[in-house]
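Q: Let me give you the structure first, and then I'll get to my questions.
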Amino acid sequence: MERWYQAAEKRCSIRSYMGAPSQNEIDRLRQFADAIALDDVRIAIARSKKVFAGRLMTQKIKGTDCFAAIISKKGRSSNVGYIGELFILECVARGFGTCWLGASFRMGAAQEMISLQSGETIACITPLGFPAEPYKQRPRRTVSSLTGLTVQEFMRLPQWQQDAIKCGRRAPSAINAQPWDFDIVDDDSIALVNVSNNLGYGKLDCGIAMLHIELGAAHNGYIGDWDISEDESVFKIQRIELE
């Protein structure tokens, strides 16, 4: 988890690439994808020059034909974000560039390359390749905006909460909207509250932030149990100290 925590610090959206992973590297990524799959979320990797082609694409992907599809089967949207971001951070840790795409790709072309099972849909994809552009920090909501705390109040929080919130703040989201607030009610938990539908990606985005919060807690020696409301509007992590 520390490896993914470090990857979260340097992950950014990459749209220009110097080439795709080798077949051996793709096979190894497939093994990792299979290892983290859930009953309602899985990841498939394929290659197609058509997926990123099209004059109407607003976010051009160049230099790779390799992509990973995050596939959902009528489960929690937050699971899609959580597992998808876990795969992305593993890719970053291996030196590959990624970029969450929910709309700026050709769905039909992706479906041609992925064998979908009954009830499955492609929720999002990410290109995979060697970055041809440097890290670029994206703007994020301030800690005060996310928590309602002053700088002084935030600095008085336990270190695990500070690092969990900082890592959660780095989480990507559709149109960079960060559709969540962080609610701190005691020293042992953090509540992640979904505050926007965000073009239909709000709950998926919260799943991404859940993983980042968990990694920030683990960086300080804590794991967490998640309590998720039925409508996926509130996600609360309760810390448990690692032995």
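The values are calculated or read from the model by the stated rules, or taken from the named source; none is laboratory data. Only a predicted model underlies this, so the values are computations on that prediction, with no experimental measurement involved. Cβ: placed from backbone, ideal geometry, glycine included. Neighbour counts: every protein chain shown.
Q: Filtering the range 207-235 down to residues that are more than 18 Å from the chain's Cα centre (by Cα) and among the charged types (D, E, K, R), which residue is nearest to Ala7 (Cα to Cα)?
A: That would be Asp225.
Q: Still on this structure, I have one more. Provide a single number: the residues in the range 184-223 that are without any contact (Cβ under 8 Å) to a residue 12 or more places away in the chain and in contact with a strand residue (DSSP E or B) (Cβ under 8 Å, 6 or more places away or on another chain).
A: Adding up the residues that qualify gives 1.
Q: Evaluate the following for Trp180: is it hydrophobic (A, V, I, L, M, F, W, C) and under 15 Å from the mean Cα position of the chain (by Cα)? Spell out the reasoning first.
A: On the way: hydrophobic (A, V, I, L, M, F, W, C): yes; under 15 Å from the mean Cα position of the chain (by Cα): yes.
Yes: the conditions hold for Trp180.
Q: Which residues, taken from the range 191-208, are more than 14 Å from Ile175 (Cα to Cα) and in contact with a Cys (Cβ under 9 Å, 6 or more places away or on another chain)?
A: Leu192, Val193, Asn194
Q: Is there any pair linking a residue in the range 128-157 that is of a type in the set (Ser, Thr, Tyr) to one that is part of a helix (DSSP H, G or I), with Cβ under 8 Å and at least six apart or on different chains, and which?
A: Tyr135/Lys10; Ser144/Val151; Ser144/Phe154; Thr147/Phe154; Thr147/Ile165; Thr150/Ser144
Q: For the range 25-75, what are the residues that are small (Gly, Ala, Ser) and either under 18 Å from Gly97 (Cβ atoms) or modelled with pLDDT of 95 or more (or both)? Break it down into steps so the answer makes sense when it comes.
A: So the first thing to find is which residues in the range 25-75 are small (Gly, Ala, Ser), and the list is 33, 35, 37, 44, 46, 48, 53-54, 63, 68-69, 72, 75.
Result: Ala33, Ala35, Ala37, Ala44, Ala46, Ser48, Gly63, Ala68, Ala69, Ser72.
Q: Test Ile70 against the criterion of being of a type outside the set (Gly, Ala, Ser), in contact with a strand residue (DSSP E or B) (Cβ under 8 Å, 6 or more places away or on another chain), in contact (Cβ under 8 Å) with a residue 40 or more places away in the chain and assigned to a strand (DSSP E or B), and give yes or no. Lay out the reasoning, then the answer.
A: Values: of a type outside the set (Gly, Ala, Ser): yes; in contact with a strand residue (DSSP E or B) (Cβ under 8 Å, 6 or more places away or on another chain): yes; in contact (Cβ under 8 Å) with a residue 40 or more places away in the chain: yes; assigned to a strand (DSSP E or B): yes.
The answer is yes for Ile70.
Q: Out of curiosity, is Glu153 among the acidic types (Asp, Glu), surrounded by fewer than 17 Cβ atoms within 10 Å (Cβ to Cβ) and outside any loop (DSSP other than H, G, I, E, B)? Lay out the reasoning, then the answer.
A: Working: among the acidic types (Asp, Glu): yes; surrounded by fewer than 17 Cβ atoms within 10 Å (Cβ to Cβ): yes; outside any loop (DSSP other than H, G, I, E, B): yes.
For Glu153, the condition - among the acidic types (Asp, Glu), surrounded by fewer than 17 Cβ atoms within 10 Å (Cβ to Cβ) and outside any loop (DSSP other than H, G, I, E, B) - is met.
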